[in-house]
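What follows is calculated from the coordinates using simple rules that are stated; it is not laboratory data. Predicted model only: the values in this text are computed from it and were never measured. All Cβ positions, even for glycine, are placed from backbone atoms using ideal geometry, and neighbour counts span all protein chains on display.
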Amino acid sequence: MTTMTRFVPFRSPLDGVAVLQNRLNSIFSDFASSNGELQNESLSAGNFIPPVDVYEDANRLVLKLEVPGIPQEDLQINLENQTLTVKGERKLVKDEKEENFHRIERRYGNFVRSFTLPSTIETESAQANYENGVLAITFPKKEAAKPKQLKIEIGSGSKPAPKQMEGSRAA
C-alpha cells in the first residue's frame, strides 16, 4: 500500500525541524508547569532584569529604569570608559511566612544592566534621580553634538557677474 503525501510547493526544508522544536518546547513547558513546586521555585529564586527606556532630545540623553521595591541605597551606578553600569538587589521580605504564599510572581535577586554610551555626551555632568520606583539618569550632550541651524540667504533672480579666470591666455 502506498502512502500519499501532500505536495506543498513553497515549503521550507526546515519546517519539519520547527514543528519538532515546538513540540519539544511544549513538552518541557508542560513538565515544568505540572509540578507546581518547581514552577514556584524558579519564579521566587530567579533574577530579574528591570526594563529600561532610553531616549534623547537635542540637549540630553536619558535612561529610565523601572526598579520598584528597591531602596535608593541598594542601587549602585558606575561609569567607566563610556560604559554605564547599574546594579541593585530586590530582597524578599523574610518577615512574611513563605508557606502562606499561594503564588510568588514578582522577581527577586540581583540585577546588573550595562549600557555603552555615545561619545557625544558629557559623562562628567551626569545626574541621577530616583522617584516612585523609577531611576532616571540624564547625560547632557556636548556642544559639538547639539544640532546647529544655519541661515542661508536666498539671492535675487539676477544673474551673478561672470568670473574672470586667472592663468595663462592663449595667444
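Quick rundown of the values:
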{"quantity": "Cα-projected label distance for Val112 with Phe48, points at 7 Å along beta-carbon direction, nm", "calculated": "2.0 nm"}
{"quantity": "Most to least packed among 128-135, 62-69 [average Cβ atoms within 10 Å]", "calculated": "62-69, 128-135"}
{"quantity": "Calculated FRET efficiency for the pair Ile154/Asn129, C-beta based, R₀ 45 Å, to 0.05", "calculated": "0.50"}
{"quantity": "Under-5 Å amide H pairs with Leu117, H placed in peptide plane, nonlocal only", "calculated": "Thr83, Leu84"}
{"quantity": "Label-point gap, in nm, between Asn81 and Asp57 - each point 7 angstrom along Cα→Cβ", "calculated": "3.4 nm"}
